[in-house]
Every structure is written in C-alpha cells, then in structure tokens.
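All of the numbers you see were taken from the coordinates with simple rules; none came from a lab. Just so it is clear, the model here is predicted, and its values are computed rather than measured. Virtual Cβ from ideal backbone geometry, glycine too; neighbours counted across all protein chains shown.
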Amino acid sequence: MERYCAASLDWLQSKVTSKKAMITLYHNPMTRSLRIRWLLEELAVDYLLKTVDFTPIADNRIFAQSTPTGRFPALEDDGVVLGESGAIAEYLVERYGNGRFAPPLGSSQRGAYLQWMHFPEATLNPYINAIRRFTGSYPDITAALSEELDCAMSVVDRSLMGQRYIIGDDFTAADIMLAISLLSISLLGPLLDDYVHAKEYLERLQGRPALARAVMPQVLCSK
C-alpha cells in the first residue's frame, strides 16, 4: 500500500496527480521502520509511505523482505538507498533537520548523542531479538539473556536520572532510537516496571504528536 504523507494539502494534491515523491519509506509498523516514520513526522517533511507485508524469515534468509534492501526499514531519497535505522536517522537529520534533533558538531553533547544513537541497536536489540527467538525453546539461555538485558537497562535508567531526554533537556533523534527499543522491551514482559526513570521517559515520549501520527492513519495521507 502506498500513501503520500504531506505537511500540506497542496503538496498532497500535487503528488496524488504526479505520482512522484522524493523520500520513500518502505514500512512495516511492527518493525524498526516505526523509528523512521516517527522521525519523518517530527521533521515535517513530505514523503511516500509504502507499507509492506512482513515475510517470515525461513532458512536463515534474513534479507527476505520486499524492499530495496531486503529488510525494514528501507529508505530511498534522490538516488540514495539506505537500510539501517540508525544510519537512516542520521542521514535524515543531517539532510533535513536544519539544526534540529541533534547537537551541532563540536558540541559537548555530540559524543553522548552519538553513543545513544547507536546504543539501542548495538546493545539492547541483540538481547531483545535473541530472547524472542529462544523463549519457549531454551529457557536457560533466555534467562541468562534476560539478566544481561537487565544490566543494560540499568545503564539506561541511570542515564535518565534528573533529565527529560537521553542527553539532557532537548529531544533528539537518539530519543527516537531508544524509545522504539524500550517499546520492544515492554512487549517482552514487565521488565520496564523495574526502571522508574526509563518507564516515565517512555510514557513521556509516547505523548508526542509526531509518534501518534506515525502509528495512526493520517488525514493528510492518500492512497
């Protein structure tokens, strides 16, 4: 399914007629592509949303999705094709952010921003994915992985003490990266309940209008 997601009705009407869009996101709402749709909504840029059915992985074929990269998310923009959510997020902020959603180069917060841009995929998601895979089949492995995920969550929780967002008072793309991993953790069970700061942080981010638009049908979207 294709939808043109627009910041204005004029743009929407022109694209419905021309069938062209510069940014194209290949999306499945139950995957990491939610990060990118959320970021596009925060950026308030026009884009073409192609919702693609998820193909169950079989025979270790992890690039089995019907997207340009074989995985979710996948993004096309003026000849550029990307397939990693962290890389896509950095690319979009650099190209369309106009100084928003990331501290500037040379800022004292830049290092922390980069760390938290990559912490979700490098540290949290490997545990999340493995727990999903082994739950029910290998209880001992699942228990050990859950303990290690618990340790990683302690780092997240401590980092959120006394601040609204992961690197301070300003919302950045790193918050989007982290929040989607926290949502995935919440689906595994009550682990998040043990971390007051992380739980309050996620609840706060779930109130952002751009996330609401990313997960619900939009008035300014047309097939």
Exercise. State whether the stretch 58-156 is rounded, prolate or oblate according to the following rule on the C-alpha gyration tensor (a ≥ b ≥ c being the square roots of its eigenvalues): a/c under 1.5 gives rounded; otherwise a/b larger than b/c gives prolate, and the remaining case gives oblate.
Key: oblate
Self-check item: the chain, helix-only ellipticity at 222 nm - DSSP H runs n ≥ 4, -39,500 (n - 2.57), divided by all residues, nearest 500
Solution: -14500 deg cm²/dmol
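Over the stretch 162-211, calculate the relative contact order: mean separation of alpha carbon pairs under 8 Å at least 6 apart, over the residue count, as a percent.
Working: 20 pairs, mean separation 13.1, N = 50.
Value for the stretch 162-211: 26 percent.
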Exercise. Quick one, can you get me the convex hull of the C-alpha atoms of the stretch 147-196 expressed as volume per residue in Å³?
Key: 71 Å³
Exercise. Please report I176, I128, I57 as a ranked list, fewest other C-beta atoms within 10 angstrom at the top and most at the bottom.
Key: I57, I128, I176
Quiz item: Lys/Arg Cβ at +1, Asp/Glu Cβ at -1, dipole of the stretch 71-113 taken about the Cα centre: which of Q109, S85, Y96 is farthest positive-ward?
Solution: Q109
Exercise. Please identify, among D78, D194, D150, the residue showing maximal mean-square fluctuation in a Gaussian network model of the chain using a 10 angstrom Cα cutoff.
Key: D78
Quiz item: How do I185, I62, I36 line up, fewest other C-beta atoms within 10 Å first?
Solution: I62, I185, I36
Quiz item: Along the Cα-to-Cβ line of V52, 7 Å from the Cα, sits a label point; which residues in the stretch 81-110 have backbone N less than 16 Å from it?
Solution: 81-86, 88
Exercise. Only Lys, Arg, Asp and Glu count, each charged at its Cβ (+1, +1, -1, -1), so figure out the dipole size of the stretch 24-89 about its Cα centre, rounded to 20 debye.
Key: 280 debye
Practice problem: May I ask you to work out the translational diffusion coefficient for the stretch 55-114 at 20 °C, viscosity 1.002 mPa s, via Stokes-Einstein with Rh from the Kirkwood sum over Cα pairs, reported in whole µm²/s? | Solution: 159 µm²/s
Quiz item: For the chain, which span is the longest to avoid every loop-located (per DSSP) member of chymotrypsin sites (Phe, Trp or Tyr not before Pro) having at most 15 other Cβ atoms inside 10 Å?
Solution: 64-223
Practice problem: Quick one: grab the alpha carbon gyration tensor of the chain, order the square roots of its eigenvalues as a ≥ b ≥ c, and give me rounded if a/c is under 1.5, else prolate or oblate depending on whether a/b is larger than b/c. | Solution: oblate
Quiz prompt | Cα long-axis angle, helix 173-186 against the chain (0 to 90 degrees, to the nearest 10) | solution = 60 degrees
Quiz item: In debye to the nearest 20, how big a dipole does the stretch 131-223 give about its Cα centre with +1 on each Lys and Arg Cβ and -1 on each Asp and Glu Cβ?
Solution: 580 debye
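Please report S146, S33 as a ranked list, fewest other C-beta atoms within 10 angstrom at the top and most at the bottom.
Working: S146 16, S33 27.
Going from least to most buried by this count: S146, S33.
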Self-check item: Simple Cβ-charge dipole of the chain, Lys/Arg +1 and Asp/Glu -1, about Cα centre, in debye nearest 20
Solution: 700 debye
